[in-house]
Amino acid sequence: MLHLLSVNDLTNDFLYSLWRDASKNKGKSNNLLKGKVLTNLFYEPSTRTSSSFYSAMSRSGGSVIPINNVQFSSVAKGESFEDTITTMSQMSDAIVVRHSENGAAERAAAVSSVPIINAGDGNSEHPTQTIIDGFTIYNFLNKDLSNLRVTLVGDLKNGRTVKSLVKLLSRFDNNHFNLVSPEHLKLSTSLPKSSYETTDINEVLKDTDLLYVTRVQKERGSVHDYSLSLNQLNELPKKSIVMHPFPRVNEIPVEFDKDKRAKYFEQIRFSVWCRQMLLQKVIK
Ligand code: NCD
């Protein structure tokens, strides 16, 4: 794989090999990327994604050029996105790109001489978050990511992590999706084979192995306010898990954080484990 633009670029063999390696390595430091340089190019805010790439690269012995504030880069002088990518590909071994436009990572790949890793493009995809989400499921539900009752709730229209996750889980056998959102924030891509759309989460809480919660993407024009109560979350089966790509606004009460079903901080821990393995596979 040269570039990682979409979940479609991730074969199951690649994912399983990455997850097995991440399970073995568990985030430990090594020097496999000593002397290598990663550019983090973020045109949208980020805490977890940019920091976990930074952590993953550092723990692999490499270094990072962090461009998290494009308003202080030559972008502010009117430089084109393509010229910025071409420039950074002359001085680094891979570029992580987050951008508000759908297809930005593809545009970057068209001019880059080094691997482009899509860290979120508009409301389209976020494949590295899906590597982490898949690994969380692999760890806490089942290793073949199949036979799951998956309830996705929140801004399904503009949440890119949802779209990438649905793409991945649709590959495996017998997964069913409960899609919970208000009418105006329904999933905008084609529905998975086995799916049920509703505006009422209470209908499906008991029919859930994985509850995947997302925030409302107000920067993409989505308007809605919702939060799950502790009582609702306690309706979930004992063996289910609750995930959230974060940031959370008020979707999940902090009191739920100590519940053993809450796996969203594990996702963050796993993000470094997985991105470390990804960088080691992608950077030559
Ligand atoms: C997500 C994103 O940027 O798409 N965050 C993340 O990378 N973990 C989710 C979000 O912003 O709501």
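The values are calculated or read from the model by the stated rules, or taken from the named source; none is laboratory data. This one's a predicted model, so the numbers in the text were calculated from it and none came from an experiment. As a convention, Cβ positions derive from the backbone with ideal geometry for all residues, glycine included, and neighbour counts pool all protein chains shown. These accessible areas exclude ligands, DNA and RNA; they are computed on the full protein's heavy atoms, side chains included. Shrake-Rupley method; radii C 1.70, N 1.55, O 1.52, S 1.80 Å.
For the range 79-122, how many residues meet the condition of being more than 16 Å from Val282 (Cα to Cα) and within 16 Å of the ligand (Cβ to nearest atom)?
Going through the range 79-122 one residue at a time, the tally reaches 10.
Name the strands (runs of 3 or more DSSP E) wholly within the range 50-154 that hold at least 2 residues that are surrounded by 22 or more Cβ atoms within 10 Å (Cβ to Cβ) and over 15 Å from the mean Cα position of the chain (by Cα)?
Numbers: elements: 63-67, 94-99, 116-121, 149-153.
Because the criterion is at least 2 residues that are surrounded by 22 or more Cβ atoms within 10 Å (Cβ to Cβ) and over 15 Å from the mean Cα position of the chain (by Cα), the strands (runs of 3 or more DSSP E) in the range 50-154 that meet it are 94-99, 149-153.
For the range 218-252, give me each residue that is free of Cβ contacts under 8 Å to residues at least 40 places away in the same chain and open to solvent by less than 30 Å² (accessible area, probe 1.4 Å).
As a first pass, look at the range 218-252 and keep what is free of Cβ contacts under 8 Å to residues at least 40 places away in the same chain: 218, 223, 225, 227, 229-240, 242, 244, 248-250, 252.
Once the filter is applied, which keeps residues that are free of Cβ contacts under 8 Å to residues at least 40 places away in the same chain and open to solvent by less than 30 Å² (accessible area, probe 1.4 Å), the range 218-252 yields Leu233, Leu236, Ser240, Val242, His244, Ile252.
Identify, please: which residue in the range 188-202 is touching a residue at least 24 places away in the same chain (Cβ under 8 Å) and touching a Phe, Trp or Tyr at 6+ places or on another chain (Cβ under 9 Å) and is, among those, surrounded by the fewest Cβ atoms within 10 Å (Cβ to Cβ)?
Pass one, the range 188-202, residues touching a residue at least 24 places away in the same chain (Cβ under 8 Å): 188-189, 192, 201-202.
Next, from what is left, pick out any that are touching a Phe, Trp or Tyr at 6+ places or on another chain (Cβ under 9 Å): 192, 201.
Working: Pro192: 16, Ile201: 21.
Restricting to residues being touching a residue at least 24 places away in the same chain (Cβ under 8 Å) and touching a Phe, Trp or Tyr at 6+ places or on another chain (Cβ under 9 Å), the top hit is Pro192.
Would you check if there is a residue in the range 176-183 being farther than 18 Å from Asp133 by Cβ and open to solvent by 60 Å² or more (accessible area, probe 1.4 Å)?
Within the range 176-183, one or more residues are farther than 18 Å from Asp133 by Cβ and open to solvent by 60 Å² or more (accessible area, probe 1.4 Å).
Cβ-Cβ below 6 Å, separation at least six or inter-chain, first residue in the range 43-54 and without any contact (Cβ under 8 Å) to a residue 60 or more places away in the chain, second buried (at least 16 other Cβ atoms within 10 Å of the Cβ) and outside any loop (DSSP other than H, G, I, E, B): which pairs?
Final answer for the pair search is Tyr54/Val64.
How many residues does the range 166-187 contain that are within 24 Å of Ser100 (Cα to Cα) and either touching a residue at least 60 places away in the same chain (Cβ under 8 Å) or in contact with a Cys (Cβ under 9 Å, 6 or more places away or on another chain) (or both)? Lay out the reasoning, then the answer.
Going residue by residue through the range 166-187, those that are within 24 Å of Ser100 (Cα to Cα) are 166-168, 181-187.
Add one more test, that the residue is either touching a residue at least 60 places away in the same chain (Cβ under 8 Å) or in contact with a Cys (Cβ under 9 Å, 6 or more places away or on another chain) (or both), and what stays is 167-168.
Number of matching residues: 2.
Which condition breaks for Leu2 when tested against (1) out of contact with any Pro (no Cβ under 7 Å at 6 or more places or on another chain); (2) outside the structural domain of Ala105 (by TED's automatic domain parsing)?
(1)
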